[in-house]
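Presented below is the structure to which this report refers.
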């Protein structure tokens, strides 16, 4: 196993090195005792290769972003219930925004730049870091510790950072900002909205994608997927591939909705689950394409 | 371009036809003519009021399910149709920390193997080291037991995926939504040895959150076991259960866990079982409340 066990470093050295340094430098700065939970076992840092040792089956979801390293500290209380603090260095604030937004569902927790808390799971982003604090034990008993730990981590994560500029392309009317996601890969798309079993949009690490939900006047929102390809030819190929490979649902409520795609230059915009073709058309027309 | 499976295909259970006509690969085993029997058994007391597993009830559920599976009059006779006293039997379990195979299910299987005449020293239980475990290396029979849960890449972790530790590299199976997991059943250490698949749906997980893909909110007390000799048919029923639960809790847009195509490909490319609902005989026993499928 290629993971490294951390040793305490001098605080001054850590502070000096931290601005652009490794997540291991965070170790001495972070609490080891919070609300009855104490650090248990050595801290661990994983990189893009060793992350598989830690995330059983989920590593690719984070490798689909510009993940650099993960800092992990485990805590236990007297009853042996574990809390896992994971700090993901995503390389940039935009990538951290992506890692956070691809799994966002719970109410705001007021921690870091954007956050959410649901039973047993605190997630937030700050600067170039995405942070997950979890327990698989009694969620109610752990809630105070999860929140306090999150608040204690934020001051050590460096400056805040901007979300992806591509977000500015989204039409604002009806936009559900807390249901807006940024990603690159088909792994993330299909975890948000199942489109097809194959990668019919040819998504890869160099494609920038926004998936946003819009109030469509009913129970099911309309969804706008905006993809920026590296160049126009790749967008053209993806447009053709989508037209050939996508088949909308033909049963259930989704079967009564509309899917519509439009390409402009190296951008491909697709509206899914729109209540009408007119709704989809209006949403596509309102996209504010960046000047490339 | 090969034809992509869509949500519609998973909903209809027509993936066999789609893949069969588009992947263009030969079957590695003869087409089956008889239906694959799968038994779903549930019991309201499989978990107690504190969500602790009830060993006695789980033994009873396993017994009834296997008896029905092989049409045997009692549990010992049923297991004797699956294993011989001279067999060396590896029980491939699962130890994922958040949702491991319940020890009560492991014990129930081992108890009946002993009752069927298999020697205790010829029964092994393992998770991560099956590839090098001496007993598994010389095994003549395998029993496959694990819980049902969703998975970020494969869509679903079931009996097919449970054999991933038999290969040298696990990440090597991750590309394309773990499409080729069915190949695990053709590894020399595994091929032709699986006598029973037990997919524990006592507390299945229908959705995953966070880096560890686990949160107790998405685990429910279904109190069942899905049992069969065909791992593909067992997982097909498991997938239908997951989809039914996801549709109910998450809505139609998230009904299909992304992307469980390895189940169909285990059928159409590797020929290790059937994923076609029309070729699966599903027998439901026991508690029916909230059965979903």
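Give the residue that is farthest from residue B:234 (Cα to Cα), with candidates limited to residues of region B:266-281 that are touching a helix residue (DSSP H, G or I) at 6+ places or on another chain (Cβ under 6 Å) and not in a loop (DSSP other than H, G, I, E, B).
The extreme case among them is B:268.
Taking the criterion of being within 12 Å of chain A (Cβ to nearest Cβ) and assigned to a helix (DSSP H, G or I), the residues of region B:202-247 that qualify are B:216, B:217, B:218, B:243, B:246, B:247.
Would it be correct to say that residue A:196 is modelled with pLDDT of 95 or more and within 12 Å of another protein chain (Cβ to nearest Cβ)? It is false that residue A:196 is modelled with pLDDT of 95 or more and within 12 Å of another protein chain (Cβ to nearest Cβ).
Taking each residue of region A:235-246 that is within 13 Å of residue A:270 (Cα to Cα) and within 11 Å of another protein chain (Cβ to nearest Cβ) and looking for partners that are at pLDDT 95 or above and in a helix (DSSP H, G or I) with beta-carbon atoms closer than 7 Å, six or more apart or interchain, yields nothing. Within region B:78-96, if we keep just the residues that are assigned to a loop (DSSP other than H, G, I, E, B) and under 18 Å from the mean Cα position of the chain (by Cα), the residue that is surrounded by the most Cβ atoms within 10 Å (Cβ to Cβ) turns out to be B:93. Within region A:224-232, is there a residue that is more than 14 Å from chain B (Cβ to nearest Cβ), in a helix (DSSP H, G or I) and more than 25 Å from the chain's Cα centre (by Cα)? Looking through region A:224-232, at least one residue is more than 14 Å from chain B (Cβ to nearest Cβ), in a helix (DSSP H, G or I) and more than 25 Å from the chain's Cα centre (by Cα).
For region A:161-181, the candidate set comprises residues that are in a loop (DSSP other than H, G, I, E, B) and in contact (Cβ under 8 Å) with a residue 24 or more places away in the chain; within that set, the residue that is nearest to residue A:206 (Cα to Cα) is A:164.
Counting only strands (runs of 3 or more DSSP E) that sit wholly inside region B:105-157, those with at least 2 residues that are buried (at least 24 other Cβ atoms within 10 Å of the Cβ) and away from chain A (no Cβ under 14 Å) are B:141-151.
Scanning region B:103-127 for residues that are in contact (Cβ under 8 Å) with a residue 40 or more places away in the chain, over 19 Å from the mean Cα position of the chain (by Cα) and within 16 Å of residue B:139 (Cβ to Cβ) returns a single hit, B:116. Consider residue A:219 carefully, then state whether it is within 14 Å of chain B (Cβ to nearest Cβ), at pLDDT below 95 and within 26 Å of the chain's Cα centre (by Cα). Answer is yes for this residue. Of all residues being in contact with a strand residue (DSSP E or B) (Cβ under 7 Å, 6 or more places away or on another chain) and not in a loop (DSSP other than H, G, I, E, B) in region A:8-25, which is modelled with the highest pLDDT? Just the residue, please. If we take residues in region A:8-25 being in contact with a strand residue (DSSP E or B) (Cβ under 7 Å, 6 or more places away or on another chain) and not in a loop (DSSP other than H, G, I, E, B), then A:23 is modelled with the highest pLDDT. No other residue among A:127, A:120, A:158, A:137 is within 14 Å of chain B (Cβ to nearest Cβ), on the phi > 0 side of the Ramachandran plot and in contact with a helix residue (DSSP H, G or I) (Cβ under 9 Å, 6 or more places away or on another chain) apart from A:120. Listed conditions (1) surrounded by fewer than 18 Cβ atoms within 10 Å (Cβ to Cβ); (2) without any contact (Cβ under 8 Å) to a residue 12 or more places away in the chain; (3) within 20 Å of the chain's Cα centre (by Cα) are all met by residue A:52, apart from (1). In summary, helices (runs of 4 or more DSSP H) completely within region B:1-77 and bearing 2 or more residues that are out of contact with any helix residue (DSSP H, G or I) (no Cβ under 6 Å at 6 or more places or on another chain) and modelled with pLDDT of 95 or more occur at B:55-70. Looking across region B:176-196, just one residue is touching a strand residue (DSSP E or B) at 6+ places or on another chain (Cβ under 7 Å) and either under 20 Å from residue B:292 (Cβ atoms) or at the interface with chain A (Cβ under 10 Å from one of its Cβ atoms) (or both), and that is B:177.
Can you tell me which residue in region A:35-49 is farthest from the other protein chains (Cβ to nearest Cβ), limited to those that are crowded, with 18+ Cβ neighbours inside 10 Å and in contact (Cβ under 8 Å) with a residue 40 or more places away in the chain?
It comes out as A:37.
The values are calculated or read from the model by the stated rules, or taken from the named source; none is laboratory data. What you see is a predicted model; the values in this text were computed from it and never measured. Methodologically, a virtual Cβ is constructed for each residue, glycine included, from the backbone with ideal geometry; neighbour enumeration extends over all protein chains shown.
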